[in-house]
Amino acid sequence: LDVALRLTFSALEVPGEAQKVDRIVHAFATSYYRQCPGPFKDETAAYVMSFSAMLLNTDQHNPNVRTKMSLEQFINNNKGINGGEDLPSIYLEKLYNAIATDEIKAHQIAPPAPPPTCLRFTPASAG
């Protein structure tokens, strides 16, 4: 899941508006579940886990968050999200570690390049 989130968000300029981010995560989760259901029982479970992964990403990598979420807290936060059942703890542990060690980054727009400078060509004098 984290690899697919990385690929998706690295290709997008993510808006700051929560409603738009929610729509992006929902579309991602729907597509992800259809292509790779993995441990998820339905699209809703894939959506909730995707959103939870993005929240974990913010928690782990935002310097304004002083107290970081532990693995145990992450597992507890995701209890019962899979059609009333828990996702496998090994799955959650691997996801937690992947995100905690490597931030999921959204596409960054590069600053505009300076205009090209014109080089003047002066032919060598004939001699």
| Mind checking whether some residue in region 8-22 is buried (at least 16 other Cβ atoms within 10 Å of the Cβ) and in contact with a Ser or Thr (Cβ under 7 Å, 6 or more places away or on another chain)? | no
| Could you count how many residues in region 25-62 are among the acidic types (Asp, Glu) and either buried (at least 19 other Cβ atoms within 10 Å of the Cβ) or outside any helix (DSSP H, G or I) (or both)? | 1
| task | For region 90-97, indicate whether the set of residues that are among the aromatic types (Phe, Trp, Tyr) and not in a helix (DSSP H, G or I) is non-empty. | result | no
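Of 37, 123, 116, 63, which residue is within 21 Å of residue 10 (Cα to Cα) and modelled with pLDDT under 95? Can you show your working first?
Numbers: 37 fails: within 21 Å of residue 10 (Cα to Cα); 123 fails: within 21 Å of residue 10 (Cα to Cα); 116 fails: within 21 Å of residue 10 (Cα to Cα).
Result of the check over 37, 123, 116, 63: 63.
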| (1) loosely packed, with under 11 Cβ neighbours inside 10 Å; (2) among the acidic types (Asp, Glu); (3) within 16 Å of residue 1 (Cβ to Cβ): which one isn't true of residue 86, the others all being true? | (1)
| task | Working only within region 71-83, note down all residues that are open to solvent by 40 Å² or more (accessible area, probe 1.4 Å) and either in a loop (DSSP other than H, G, I, E, B) or in contact (Cβ under 8 Å) with a residue 24 or more places away in the chain (or both). | result | 77, 79, 83
| field | Count of region 11-24 residues which are in a helix (DSSP H, G or I) and β-branched (Val, Ile, Thr) | value | 2
| said: Looking only at region 80-101, how many residues end up being under 14 Å from the mean Cα position of the chain (by Cα) and either at pLDDT below 95 or of a type in the set (Gly, Ala, Ser) (or both)? | reply: 2
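The values are calculated or read from the model by the stated rules, or taken from the named source; none is laboratory data. All values derive from a computational prediction rather than experimental measurement. For neighbour counting, all protein chains shown are included, and Cβ atoms are generated from backbone atoms with ideal geometry for every residue, glycine included. Ligands, DNA and RNA are stripped out before the accessible areas are found, and what is left, the full protein with its side chains, is counted by its heavy atoms. Shrake-Rupley method; radii C 1.70, N 1.55, O 1.52, S 1.80 Å.
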